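See structure below.
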Amino acid sequence: MKKTLFAAALFVATATGAVSPAFAAPVSYKIDPAHTAVAFIVNHVGFSNVIGRFNTVGGDVVFDKDAVEKSTVTVSIDTTSVDTNHAKRDEHLRSPDFFNAKEFPKMTFKSTKIEKTGEKTGKLHGDLTMLGVTKPVVLDVTFNKDGVSPASKMETAGFSARGTVKRTEFGMKYGAPAIGDDIQLLIEVEAVKS
Amino acid sequence: MSELLQDPFVQSSILPLLVGLVLVGVLHLLRRPLAAAGIAAGFLAVFALVVGLPALPPPSSMGKLFWASAAGLLLGIVADTAGVRGRAASALLAVWLAASLLWIALPALDSLAAAVSVVLLLAAAMWVAFGRGSQTQGSERGESPTAPAASLLALALAVGGTALIGSSASIAQMALALAASAGGFLLWNWPVERHGWGLSGQVATGIAVLLAGVLTLFTQAQTAVLLLALPALLAGHLRRFLPQGHGLVGRAASTAAVTVVAVLPALVAIGAAYALTDGEASPY
């Protein structure tokens, strides 16, 4: 009788989620645009490195804290929101020479695989689609923190990612290599439980 | 050498001029009636060298421009080889130009302003297609190449200059490359006119319209000013009013005068584009 009661209690506890974390489910988050930044650094004719960013970014993160490899990331970037703190240059960046924003208003990233490399680090593999061309890219990702944000009082997860892409592989050939081919990416993401 | 080829000035002037000169020269030796095809061929060669060979099917408007131009060149060569002339040639040119423009414009047709731009571009395309007769029948030889080549030079210069001022350097480079390639053809026909124009030549003028289309629909350049350059298409008519020189020097002066007159509206258009940007030629 005791055994039967224990089994029933275990079943109820499992079904209600009281037994954790072994059964933790992936959690869906929405990228918080107010605390997310997608920035880039590109060499300018060897003299300096120009820093720019995209001001409109959105996307979803499905984060499985206990099995990070099962997490997924989808990001959509509005190419018209490119901002290098110079209106004329931004106009040029939106032109067919670079992002061709009229024809390709979105740039997307969809993760394909996440490898854990440390306690809080990993390699985020995914497909980056830019100018209608999709290529695999790998970003070094650091999981910063998750929990209830003291500011928003909402469940929040934060990540940082770094990586490099070759723009000419996506057909963005204008000015290369004088204007650097290697584009360093600096990505900071806060995502809020949806 | 490769550093030299990466210089934007070389890419949009000396390189296409030399490529145009060589290709027209090769066609002059191999098949003289097709010499004008060297202009479009030169443009395509420089495009492939500078921008690279676009993917097929092309994902972007510039890729579509390349393949539409290649199709036009093929059409011109086939039509000229088959001896297609007059209304039939004009109709072929009109169909190719309209189809190419719509193919390029389709992703940008999202507003009334874009629709109006496409209508204006189609009107210019029809002028290029059907105004051809008066452009090429102005000389004693029946098909003088100078006036239509000068019109092309002017239109390509206008598109290139406007693009350059409007921060669209790759379109500027390609338009100036087309102008330089036309310059190569003009040099072959100066002081003595050696070649016909044909559909192969007029296809190159169509490419200038396609470049104007990409510039208008996919950039923020002040392309309304390109309307000011359209009178360059009247170079054939104007030639009748210019003094016709006799002898080598006279003919050389007459040909040069037609070219200068054709280029004037292009300079007006470029000047207007410059004025509209508050005189800010170099963006950064």
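Overview of results
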| read-out | value |
| --- | --- |
| Shape category assigned to the stretch A:97-151 from the gyration tensor of Cα positions, a/c cut at 1.5 | oblate |
| Dipole magnitude (debye, nearest 20) for chain B, charges at Cβ of Lys, Arg, Asp, Glu | 880 debye |
| GNM top mover of A:Glu119, A:Glu169, A:Glu69 - chain A, alpha-carbon springs below 10 Å | A:Glu119 |
| At R0 = 60 Å, FRET efficiency that the Cβ-Cβ distance of B:Phe130 and A:Thr134 yields, to 0.05 | 0.90 |
| Global geometry of chain B, whether rounded, prolate or oblate, following the gyration tensor of its Cα atoms and the 1.5 cut on a/c | rounded |
| For B:100-109, mean number of other protein chain Cβ atoms within 10 Å | 1 |
| Long-range HN-HN contacts of A:Asn144 with modeled amide H, under 5 Å | A:Gly158, A:Phe159, A:Ser160 |
| Kirkwood-based Rg to Rh ratio, the stretch A:24-193, C-alpha trace | 0.99 |
| Computed helical MRE - 222 nm, the protein assembly as shown, DSSP H runs ≥ 4 contributing -39500 (n - 2.57), nearest 500 | -15000 deg cm²/dmol |
| Value of relative contact order over the stretch A:24-193, rounded to a whole percent, pairs C-alpha under 8 Å and six or more apart | 25 percent |
| Projected label distance in nm at A:Lys30 and A:Thr142, using a 7 Å step from Cα toward the beta-carbon | 2.9 nm |
| A:Asn49-B:Val10 pseudo-label distance in nm [points 7 Å out on the Cα-to-Cβ vector] | 2.9 nm |
| Unit charges at the beta carbon, dipole of the stretch A:24-193: most positive-side option, A:Pro136, A:Thr156, A:Phe99 | A:Phe99 |
| Order of B:Trp197, B:Trp188 under a 10 Å beta carbon neighbour criterion, fewest first | B:Trp188, B:Trp197 |
| Percentage relative contact order, the stretch B:2-276, counting C-alpha pairs under 8 Å, at least six apart | 27 percent |
| Magnitude of the charge dipole, the protein assembly as shown, Cβ model with Lys/Arg +1 and Asp/Glu -1, debye to 20 | 820 debye |
| Under the Debye formula (equal points on every Cα, no solvent term), log10 I(q)/I(0) of the stretch A:127-167 at q = 0.16, 0.25, 0.31 Å⁻¹ | -0.60, -0.82, -1.03 |
| A:Thr121-B:Arg240 pseudo-label distance in nm [points 7 Å out on the Cα-to-Cβ vector] | 7.9 nm |
| GNM result for chain B, Cα springs below 10 Å: residue of B:Ala273, B:Ala180, B:Ala113 fluctuating most strongly | B:Ala113 |
| Dimensionless Rg ratio for the stretch B:147-204, taking C-alpha atoms and the 2.2 N^0.38 Å reference | 1.19 |
| Principal axis dimensions, the protein assembly as shown - Cα atoms, whole angstrom, descending | 120, 45, 44 |
| Three-way shape call for the stretch B:223-279 based on the alpha-carbon gyration tensor, with the a/c threshold at 1.5 | prolate |
| Lysines with Cα under 18 Å of A:Lys102, excluding same-chain neighbours fewer than 8 positions away | A:Lys88, A:Lys173, B:Lys64 |
| Net dipole in debye of the stretch A:24-193 [+1 Lys, Arg Cβ; -1 Asp, Glu Cβ; about Cα centre; nearest 20] | 100 debye |
| From phi via Karplus (6.51, -1.76, 1.60), per-residue ³J(HN,Hα) for the stretch B:65-75 in Hz, x at Gly/Pro | 4, 4, 6, 5, 5, 4, 5, x, 4, 4, 4 |
| Averaged over A:86-92, number of beta-carbon atoms from partner chains that fall within 10 Å | 5 |
| Neighbour count of at most 15 Cβ within 10 Å plus DSSP loop: longest trypsin sites (Lys or Arg not before Pro)-free window in chain A | A:1-64 |
| Proxy reagent accessibility, fewest Cβ within 10 Å first, across A:Phe40, B:Phe130 | B:Phe130, A:Phe40 |
| For residues of B:163-170, the mean tally of beta carbons on other chains within 10 Å | 5 |
| Choice from B:Arg32, B:Arg240, B:Arg194 showing the highest fluctuation, given a GNM over chain B with Cα pairs closer than 10 Å | B:Arg240 |
| Evaluated at q = 0.12, 0.15 Å⁻¹: base-10 log I(q)/I(0), Debye formula over Cα of the stretch B:124-266 | -0.44, -0.67 |
| Cross-link table A:Lys30/A:Lys65; A:Lys120/A:Lys166; A:Lys70/A:Lys166; A:Lys145/A:Lys166, entries beyond 20 Å C-alpha to C-alpha | A:Lys120/A:Lys166; A:Lys70/A:Lys166; A:Lys145/A:Lys166 |
| Exposure proxy order (Cβ contacts within 10 Å, fewest to most) of B:Leu155, B:Leu121, B:Leu276, B:Leu230 | B:Leu276, B:Leu230, B:Leu121, B:Leu155 |
| Positive-end residue, chain B charge dipole about Cα centroid, Cβ charges, pick of B:Leu186, B:Ile270, B:Gly250 | B:Gly250 |
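Laboratory data are not the source of any read-out in this text; all were calculated from the coordinates shown. Note that the coordinates shown come from a computational prediction; the quantities given were computed from them, not determined experimentally. No Cβ is skipped: glycine too gets one built from the backbone with ideal geometry, and neighbour counts run over all protein chains shown.
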